[in-house]
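The values are calculated or read from the model by the stated rules, or taken from the named source; none is laboratory data. Everything quoted here is computed from the prediction, not taken from an experiment. A quick note on method: Cβ atoms are made from the backbone with ideal geometry, for glycine too, and the neighbour counts reach across all protein chains shown.
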Amino acid sequence: MVFIGTKTRAEQRALNVENQRAVVNQTSHSHTKGLDIDKEALRAIIKGTLTLVDDVHETYEKWVSERLTAEDVISLLNTGQLADSDLPGWMQDLTDSLDGKAEKAEESGEVFGEESQKQYVQAEMDSVSKWDAYNDITEEIWHRGESNDSTRQSKMRALHRTFEPAPDAGVTLRWAPAVSAREGL
């Protein structure tokens, strides 16, 4: 759906959250004296947005069959912007397990380095799809905790640095609400 509105950014953001709209692309500009509209520029913006939506959908479809990698998990854990409470329970369990292994290795004088961590994480995450992981994390961000919308959007940007819904489009999505994995694509 293409929505063209005249509200302020704050009003529009509140409306988007209330209606659980996913803002894929947004543009605004001041009106001219005669309220002239550059129809070709507007057409290009709408066409680009529709193409972006297709790109995002194709990525989501790929994620259904792609497995979560150790690099994905480690990248998520190292964002610095996602707290443990922003991660699903199964990922919190994994971080606790990693911390435990690191402590045991340190106590025994062994090294539990990056390569060992990656191997351990990959073995634990072998059955998790990127689609399920992405949806579980977005559900935690949007439906748990007491964060405000600005903080949630910031967390989504951090998530999108690891999971890029439109990697070939050259843009970063502003935010996207959680979609239940049970609902499918």
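Tabulated data for the structure shown
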read-out: Qualifying residue in the stretch 124-146 (condition: within 18 Å of Phe163 (Cα to Cα), among the small types (Gly, Ala, Ser) and in contact with a strand residue (DSSP E or B) (Cβ under 9 Å, 6 or more places away or on another chain)); value: yes
read-out: Scope the stretch 97-115; condition in contact with a helix residue (DSSP H, G or I) (Cβ under 9 Å, 6 or more places away or on another chain), modelled with pLDDT of 85 or more and of a type outside the set (A, V, I, L, M); matching residues; value: Ser97, Lys101, Glu110
read-out: Tally, over the stretch 71-116, of residues that are over 17 Å from the mean Cα position of the chain (by Cα), over 20 Å from Trp142 (Cβ atoms) and in a helix (DSSP H, G or I); value: 18
read-out: Scan of the stretch 133-160 for residues that are buried (at least 20 other Cβ atoms within 10 Å of the Cβ) and among the small types (Gly, Ala, Ser), ordered by number; value: Ala133
read-out: Long-range neighbours under 7 Å by Cβ, at least six apart or interchain, first residue at pLDDT 90 or above within the stretch 134-147, second surrounded by fewer than 16 Cβ atoms within 10 Å (Cβ to Cβ); value: Asn135/Ser180
read-out: Filter pass, Lys62 being under 30 Å from Thr51 (Cβ atoms), among the basic types (Lys, Arg) and either surrounded by fewer than 14 Cβ atoms within 10 Å (Cβ to Cβ) or in contact (Cβ under 8 Å) with a residue 60 or more places away in the chain (or both); value: yes
read-out: Output for the stretch 84-100, where each listed residue is exposed (fewer than 14 other Cβ atoms within 10 Å of the Cβ) and of a type outside the set (D, E, K, R); value: Ser85, Gly89, Trp90, Ser97, Gly100
read-out: Count - residues of the stretch 64-85 that are polar (S, T, N, Q) and touching a helix residue (DSSP H, G or I) at 6+ places or on another chain (Cβ under 6 Å); value: 3
read-out: Residue match in the stretch 61-75 (condition: among the aliphatic types (A, V, I, L, M), closer than 21 Å to Arg161 by Cα and at pLDDT below 80); value: no
read-out: Options Asp54, Asp36; residue that is out of contact with any strand residue (DSSP E or B) (no Cβ under 7 Å at 6 or more places or on another chain) and part of a helix (DSSP H, G or I); value: Asp54
read-out: Any pair with Cβ under 6 angstrom, 6 or more apart, that starts in the stretch 78-101 at a residue that is in contact (Cβ under 8 Å) with a residue 60 or more places away in the chain and ends at one that is among the small types (Gly, Ala, Ser) and part of a helix (DSSP H, G or I); value: Thr79/Ala158; Gln81/Ala158; Leu82/Ala158
read-out: Conditions (1) in contact with an Asp or Glu (Cβ under 6 Å, 6 or more places away or on another chain); (2) surrounded by fewer than 15 Cβ atoms within 10 Å (Cβ to Cβ): number failed by Lys130; value: (2)
